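The values are calculated or read from the model by the stated rules, or taken from the named source; none is laboratory data. Treat the numbers as computed from the prediction; the structure is a model and nothing was measured. Cβ placement follows ideal geometry from the backbone for every residue including glycine, while neighbour counts extend to all protein chains displayed.
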Amino acid sequence: MLQRLETGLIRENCYVITDAATGETAVIDPGSFDERLKKAVGEPAKVKYILLTHRHFDHVTGVPGLKAYTGAKVVIHKDDAPGLKDEMRRAASSGFQPVGADLTVGDGDTLTLGGLSIRVLHTPGHTKGGVCYIIDDVVGSVMFSGDTLFLNDIGRMDFPDGDWRDMVASLKKLEELPGDYTVYPGHGPSTTLGFERKNNRYFGKTNYDDFTH
């Protein structure tokens with residue numbers, strides 16, 4: 001089961017994934033912690049992971065509260081882990097102390113959620129440690145792309161740890177994935193990888209000017 005919650009002032013997408021057979025749950029990018037999220041996750045003890053696509057504050061504000069509520073492990077790419085607490089401090093009004101990562105992951109790592117296998121795809125560009133989480137075990141396959149890929153767009157690269165060259169490599173990696181995926185981004189509506197391959201103007205680009213104009 002998949003649920004989407006739009007959270008925070010920047011209208012960030014938080015996703016709740018539940019394995020139907022076991023009830024084990026993962027929450028992706030909790031931008032806030034509130035009654036809606038409590039209702040979405042159900043039994044707190046069933047929440048196994050808090051999966052972060054990257055460290056930016058609008059995606060992690062709800063992490064301390066959700067971790068206190070569920071005891072779930074906070075998961076982030078190793079390159080974004082060092083700045084995680086600093087981003088949480090930007091949202092100190094949440095009332096919870098910042099927390100660090102319980103588990104850092106790298107490209108190609110897999111996590112088990114009940115009968116689901118969640119694969120980590122490192123896609124830097126927006127941040128050094130940006131990732132997409134891929135689940136191939138469901139019909140059609142799904143990808144949670146964070147701020148790497150949106151409908152007809154990509155994530156900003158003008159932050160201190162953003163890099164257009166990294167983004168070029170990440171988009172090439174996505175473009176070369178076999179088959180199609182339903183893409184659930186960090187902001188805005190869902191799309192498909194097939195649609196983005198055909199219509200996203202950034203796919204296939206390799207020049208600096210293509211990413212700055």
Just checking, how many residues over region 175-213 are within 18 Å of Gly125 (Cβ to Cβ), free of Cβ contacts under 8 Å to residues at least 24 places away in the same chain and in a helix (DSSP H, G or I)?
3
Unmet requirement for Thr53, which otherwise passes all of (1) in a helix (DSSP H, G or I); (2) among the hydroxyl-bearing types (Ser, Thr, Tyr); (3) under 14 Å from the mean Cα position of the chain (by Cα):
(1)
Please go through region 142-183 and pick out each residue that is over 15 Å from the mean Cα position of the chain (by Cα) and β-branched (Val, Ile, Thr).
Val168
Please work out which one of (1) in a loop (DSSP other than H, G, I, E, B); (2) among the charged types (D, E, K, R); (3) surrounded by fewer than 22 Cβ atoms within 10 Å (Cβ to Cβ) is the condition Lys39 fails and give its number.
(1)
Only one of (1) of a type in the set (S, T, N, Q); (2) assigned to a strand (DSSP E or B); (3) more than 15 Å from the chain's Cα centre (by Cα) is not met by Asn13, so which one is it?
(3)
Can you tell me which residue within region 175-213, out of those that are surrounded by fewer than 16 Cβ atoms within 10 Å (Cβ to Cβ) and of a type in the set (Asp, Glu), is nearest to Leu5 (Cα to Cα)?
Asp180
Give all pairs with beta carbons closer than 7 Å in which a residue from region 2-21 that is of a type in the set (Asp, Glu) meets a residue that is buried (at least 20 other Cβ atoms within 10 Å of the Cβ) and part of a loop (DSSP other than H, G, I, E, B); count only pairs at least 6 apart in sequence or on separate chains.
Glu12/Asp29; Glu12/Gly31; Glu12/Gly186
Would you call Arg156 over 23 Å from Asp107 (Cβ atoms) and at pLDDT below 95?
no
Just to verify a result, which residue in region 19-36, among those that are buried (at least 23 other Cβ atoms within 10 Å of the Cβ) and among the β-branched types (Val, Ile, Thr), is farthest from His122 (Cα to Cα)?
Thr25
